[in-house]
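Q: What follows is a single structure, and I will ask about it in a moment.
The values are calculated or read from the model by the stated rules, or taken from the named source; none is laboratory data. Keep in mind it's a predicted model, so treat the numbers as computed, not measured. Ideal geometry is used to build each Cβ from the backbone, glycine not excepted, and the neighbour counts take in all protein chains shown.
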Amino acid sequence: MARILILFAHPALEKSRVHSRLISHITKIEGITFHDLYEAYPDLDIDVSQEKQLLLDHDLIILQHPFYWYSCPSIIKQWLDLVLEHGWAYGSGGNALAGKRIFNAISTGGPMEAYQQNGRNRFTIRELLAPFDQTAYLCKMIYLPPFVVPGTHRLKDADIKLFASQYEKMIIAFRDDRISPQQLESIKYLNELFPITEPVKS
């Protein structure tokens, strides 16, 4: 059974319909460690030693956050800057995270159509997540396709529930080692592994 660490960051969680629902579906799953960075570090003083130990104790790391300005909330950037130290996570002798898997679980205000070369944002989500991909590569980690909840501004509550159920099924499948490398190589987004059969209104 894979040990899963969810590194969560949302600076205004009380206003978030999407992430609140996602969290409600996954925090009680056995084998999951849910770690809210803003809750753990309200003064932004990150305990590097504790964060390193959390990474060592888990096999799969999920960065769950809204897709702010084509990136992440600031505390995740600070976490990356401080925790992934040279000589530990990368560089000479930096093999602590080698072989661990990591991916982003994000929400976007715009629909998927906006994230295309001919769309409003000009790049795909996968392209915009390239810095995370490269960070994982540098740390000898395995970067997986992202999980995406798109078009959140127009989603109905029932639609959000569908995405939350999809997220829950996916995490349980990862925990139980039911997702093969071959499956991951054939998809662009993790959502494809557990398609939503009911229509999502936009």
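Q: Looking at (1) surrounded by 21 or more Cβ atoms within 10 Å (Cβ to Cβ); (2) assigned to a strand (DSSP E or B), which is the one condition that is false for His35?
A: With respect to (1) surrounded by 21 or more Cβ atoms within 10 Å (Cβ to Cβ); (2) assigned to a strand (DSSP E or B), His35 is out only on (1).
Q: Of all residues in the range 169-178, which are surrounded by fewer than 17 Cβ atoms within 10 Å (Cβ to Cβ), assigned to a helix (DSSP H, G or I) and charged (D, E, K, R)?
A: Lys169
Q: List pairs: first residue in the range 65-90 and on the phi > 0 side of the Ramachandran plot, second residue surrounded by fewer than 21 Cβ atoms within 10 Å (Cβ to Cβ) and at pLDDT below 95 anywhere in the structure, Cβ distance under 9 angstrom, at least six positions apart or on different chains.
A: Pairs found: Tyr70/Asn121; Gly87/Gly93.
Q: Hey, among the residues in the range 86-103 that are assigned to a strand (DSSP E or B) and of a type in the set (Phe, Trp, Tyr), which one's farthest from the chain's Cα centre (by Cα)?
A: Among them, the one singled out is Tyr90.
Q: Further, regarding this structure: Can you tell me which residue within the range 67-85, out of those that are at pLDDT below 95 and not in a strand (DSSP E or B), is nearest to Arg178 (Cα to Cα)?
A: Tyr70
Q: In addition: Quick one: count up the residues across the range 92-108 that are surrounded by fewer than 16 Cβ atoms within 10 Å (Cβ to Cβ) and either hydroxyl-bearing (Ser, Thr, Tyr) or modelled with pLDDT of 95 or more (or both).
A: 4
Q: If you take the residues of the range 1-32 that are of a type in the set (Ser, Thr, Tyr) and assigned to a helix (DSSP H, G or I), which of them is surrounded by the fewest Cβ atoms within 10 Å (Cβ to Cβ)?
A: Filtering the range 1-32 for residues of a type in the set (Ser, Thr, Tyr) gives 16, 20, 24, 27.
Remaining after also requiring assigned to a helix (DSSP H, G or I): 20, 24.
Values: Ser20: 14, Ser24: 12.
The selected residue is Ser24.
Q: Here are Thr135, Thr152: which of them is within 18 Å of the chain's Cα centre (by Cα) and touching a residue at least 60 places away in the same chain (Cβ under 8 Å)? So that I can check it myself, show each step before the final result.
A: On the way: Thr135 fails: touching a residue at least 60 places away in the same chain (Cβ under 8 Å).
Thr152 is the lone residue from the list that is within 18 Å of the chain's Cα centre (by Cα) and touching a residue at least 60 places away in the same chain (Cβ under 8 Å).
Q: Moving on to the next point. Considering only the range 109-143, state which residues are at pLDDT below 95, surrounded by 15 or more Cβ atoms within 10 Å (Cβ to Cβ) and not in a loop (DSSP other than H, G, I, E, B).
A: Passing the criteria: Met112, Ala114.
Q: Can I ask one more? Could you pull out the residue among Gln53, Gln64 that is modelled with pLDDT of 95 or more, within 23 Å of Ala2 (Cβ to Cβ) and either exposed (fewer than 13 other Cβ atoms within 10 Å of the Cβ) or among the aromatic types (Phe, Trp, Tyr) (or both)?
A: That would be Gln53, the only listed residue that is modelled with pLDDT of 95 or more, within 23 Å of Ala2 (Cβ to Cβ) and either exposed (fewer than 13 other Cβ atoms within 10 Å of the Cβ) or among the aromatic types (Phe, Trp, Tyr) (or both).
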